[in-house]
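The values are calculated or read from the model by the stated rules, or taken from the named source; none is laboratory data. For clarity, every value in this text was computed on a predicted model and none was experimentally measured. Reconstructed Cβ throughout: ideal geometry from the backbone, glycine too, with neighbour counts over all protein chains shown.
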Amino acid sequence: MKVKKTIIIFESYHHKNTEVIGRIIAQSLQAKLFKPDQLNVSILSGFNLIGFGTGIYNGKPHEKIQLFLEQLPSFEGKKAFLFITSGMLRENYSKGIEVLIRKKGLQLIGSFSCKGFNNHGTFKIIGGKNRGHPDLQDFYHAEIFANGLKNRL
(Lines give C-alpha, C1' and ligand atoms only; values in the text may rest on other atoms or scores of the structure.)
Protein backbone atom coordinates (compact mmCIF):
# COMPACT_ATOMS: atom_id res chain seq x y z
CA MET A 1 0.00 0.00 0.00
CA LYS A 2 1.36 3.41 -0.96
CA VAL A 3 1.74 5.71 2.03
CA LYS A 4 0.39 9.20 1.55
CA LYS A 5 2.67 12.17 2.11
CA THR A 6 3.09 12.41 5.89
CA ILE A 7 4.72 14.85 8.29
CA ILE A 8 5.22 14.51 12.03
CA ILE A 9 5.64 17.47 14.36
CA PHE A 10 6.96 16.52 17.78
CA GLU A 11 8.67 17.88 20.86
CA SER A 12 10.85 15.74 23.08
CA TYR A 13 13.52 16.47 25.63
CA HIS A 14 14.86 15.04 28.90
CA HIS A 15 15.19 11.39 27.83
CA LYS A 16 13.97 11.73 24.20
CA ASN A 17 11.19 9.17 24.81
CA THR A 18 8.81 10.86 22.37
CA GLU A 19 11.49 11.30 19.72
CA VAL A 20 12.31 7.57 19.79
CA ILE A 21 8.64 6.66 19.27
CA GLY A 22 8.31 9.37 16.61
CA ARG A 23 11.22 7.92 14.64
CA ILE A 24 9.64 4.46 14.65
CA ILE A 25 6.31 5.84 13.45
CA ALA A 26 8.04 8.04 10.87
CA GLN A 27 9.95 5.09 9.46
CA SER A 28 6.78 3.01 9.11
CA LEU A 29 4.92 5.86 7.41
CA GLN A 30 7.89 7.13 5.38
CA ALA A 31 7.26 10.46 7.09
CA LYS A 32 9.26 13.60 7.56
CA LEU A 33 9.93 14.42 11.22
CA PHE A 34 10.23 18.01 12.53
CA LYS A 35 10.16 19.99 15.75
CA PRO A 36 7.71 22.93 15.73
CA ASP A 37 10.46 25.54 15.46
CA GLN A 38 11.99 23.77 12.42
CA LEU A 39 9.18 24.39 9.97
CA ASN A 40 6.91 26.98 8.50
CA VAL A 41 3.21 26.15 8.93
CA SER A 42 2.58 26.90 5.24
CA ILE A 43 4.30 23.66 4.17
CA LEU A 44 1.65 21.58 5.96
CA SER A 45 -0.78 22.12 3.08
CA GLY A 46 1.42 19.80 1.01
CA PHE A 47 0.87 16.82 3.32
CA ASN A 48 -2.08 14.41 3.45
CA LEU A 49 -1.43 13.17 7.00
CA ILE A 50 -0.13 15.26 9.91
CA GLY A 51 1.15 13.62 13.09
CA PHE A 52 1.70 15.32 16.42
CA GLY A 53 3.90 13.89 19.16
CA THR A 54 4.57 15.13 22.65
CA GLY A 55 5.77 14.05 26.01
CA ILE A 56 3.57 14.88 28.96
CA TYR A 57 5.10 17.33 31.40
CA ASN A 58 3.32 17.87 34.72
CA GLY A 59 0.15 16.46 33.21
CA LYS A 60 0.24 18.65 30.08
CA PRO A 61 1.57 18.39 26.53
CA HIS A 62 4.83 20.18 25.81
CA GLU A 63 4.19 23.92 25.57
CA LYS A 64 5.76 24.15 22.09
CA ILE A 65 3.31 21.58 20.69
CA GLN A 66 0.41 23.28 22.50
CA LEU A 67 1.37 26.69 21.08
CA PHE A 68 1.98 25.27 17.60
CA LEU A 69 -1.51 23.77 17.55
CA GLU A 70 -3.12 26.93 18.90
CA GLN A 71 -1.51 29.01 16.12
CA LEU A 72 -2.25 26.49 13.38
CA PRO A 73 -4.74 27.65 10.73
CA SER A 74 -7.70 25.44 9.84
CA PHE A 75 -6.86 22.38 7.76
CA GLU A 76 -10.29 21.03 6.82
CA GLY A 77 -10.19 17.64 5.18
CA LYS A 78 -6.71 16.62 6.28
CA LYS A 79 -6.12 13.64 8.52
CA ALA A 80 -4.06 13.68 11.71
CA PHE A 81 -2.80 11.41 14.45
CA LEU A 82 -1.33 11.88 17.91
CA PHE A 83 1.25 10.03 19.96
CA ILE A 84 2.36 10.72 23.51
CA THR A 85 4.81 9.35 26.04
CA SER A 86 4.40 9.89 29.74
CA GLY A 87 5.54 8.69 33.12
CA MET A 88 1.96 7.89 34.04
CA LEU A 89 -0.46 6.72 31.38
CA ARG A 90 -3.70 8.56 31.82
CA GLU A 91 -6.41 8.88 29.22
CA ASN A 92 -7.09 12.51 30.09
CA TYR A 93 -3.52 13.49 29.11
CA SER A 94 -4.44 13.28 25.44
CA LYS A 95 -7.98 14.71 25.62
CA GLY A 96 -7.07 18.40 25.53
CA ILE A 97 -4.67 18.08 22.63
CA GLU A 98 -7.15 15.88 20.74
CA VAL A 99 -9.75 18.65 21.09
CA LEU A 100 -7.24 21.21 19.76
CA ILE A 101 -6.45 18.99 16.76
CA ARG A 102 -10.14 18.62 15.93
CA LYS A 103 -10.76 22.38 16.35
CA LYS A 104 -8.31 22.93 13.50
CA GLY A 105 -10.53 20.91 11.17
CA LEU A 106 -8.23 17.90 11.20
CA GLN A 107 -9.78 14.44 11.26
CA LEU A 108 -8.07 12.54 14.09
CA ILE A 109 -7.66 8.98 12.80
CA GLY A 110 -5.61 7.55 15.65
CA SER A 111 -3.94 8.12 18.99
CA PHE A 112 -1.09 6.19 20.61
CA SER A 113 0.50 6.43 24.03
CA CYS A 114 3.18 4.55 25.89
CA LYS A 115 5.22 4.82 29.04
CA GLY A 116 8.36 6.90 29.09
CA PHE A 117 11.16 6.95 31.63
CA ASN A 118 10.70 9.82 34.05
CA ASN A 119 13.15 10.81 36.77
CA HIS A 120 12.07 14.39 37.36
CA GLY A 121 10.40 15.96 40.34
CA THR A 122 9.35 13.49 43.01
CA PHE A 123 10.31 10.52 40.78
CA LYS A 124 13.96 11.57 41.12
CA ILE A 125 13.88 10.64 44.81
CA ILE A 126 12.98 7.02 44.02
CA GLY A 127 15.34 6.68 41.04
CA GLY A 128 12.72 7.29 38.39
CA LYS A 129 9.63 5.62 37.04
CA ASN A 130 9.35 3.35 33.99
CA ARG A 131 13.07 2.75 33.67
CA GLY A 132 13.84 1.24 30.28
CA HIS A 133 10.73 2.65 28.59
CA PRO A 134 10.00 3.02 25.85
CA ASP A 135 11.16 -0.55 25.36
CA LEU A 136 10.99 -3.18 22.60
CA GLN A 137 7.35 -3.90 23.33
CA ASP A 138 6.53 -0.17 23.11
CA PHE A 139 8.42 0.01 19.79
CA TYR A 140 6.44 -2.96 18.49
CA HIS A 141 3.13 -1.35 19.50
CA ALA A 142 4.18 1.96 17.90
CA GLU A 143 4.90 0.15 14.63
CA ILE A 144 1.54 -1.65 14.78
CA PHE A 145 -0.13 1.73 15.40
CA ALA A 146 1.63 3.26 12.38
CA ASN A 147 0.68 0.33 10.17
CA GLY A 148 -2.93 0.67 11.33
CA LEU A 149 -2.91 4.32 10.29
CA LYS A 150 -2.08 3.25 6.72
CA ASN A 151 -5.39 1.36 6.62
CA ARG A 152 -7.32 4.52 7.59
CA LEU A 153 -5.92 6.77 4.89
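Below is a table of values for the structure above.
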item	result
Subset of segment 26-68 (residues that are polar (S, T, N, Q), outside any helix (DSSP H, G or I) and within 23 Å of GLY116 (Cα to Cα))	THR54, ASN58
Identity of the residue in segment 1-19, β-branched (Val, Ile, Thr) and at pLDDT below 95, that ends up farthest from the chain's Cα centre (by Cα)	VAL3
From the options PHE83, PHE75, residue that is on the phi < 0 side of the Ramachandran plot and in a loop (DSSP other than H, G, I, E, B)	PHE75
Subset of segment 103-151 that is among the hydroxyl-bearing types (Ser, Thr, Tyr) and modelled with pLDDT of 70 or more - its residue that is surrounded by the fewest Cβ atoms within 10 Å (Cβ to Cβ)	TYR140
Matching residues in segment 61-78 - criterion: being more than 14 Å from the chain's Cα centre (by Cα) and not hydrophobic (A, V, I, L, M, F, W, C)	GLU70, GLN71, PRO73, SER74, GLU76, GLY77, LYS78
Number of positions in segment 8-31 that are buried (at least 21 other Cβ atoms within 10 Å of the Cβ) and among the basic types (Lys, Arg)	0
Options THR85, THR54; residue that is modelled with pLDDT of 90 or more, surrounded by 14 or more Cβ atoms within 10 Å (Cβ to Cβ) and touching a Gly at 6+ places or on another chain (Cβ under 7 Å)	THR85
Where a residue in segment 61-87 is under 21 Å from ILE24 (Cβ atoms) and its partner, wherever it lies, is polar (S, T, N, Q) and assigned to a helix (DSSP H, G or I), with Cβ under 6 Å and at least six apart	ILE84/SER94; THR85/ASN17; THR85/THR18
Condition met for ILE101 (of a type outside the set (S, T, N, Q), touching a strand residue (DSSP E or B) at 6+ places or on another chain (Cβ under 8 Å) and assigned to a helix (DSSP H, G or I))	yes
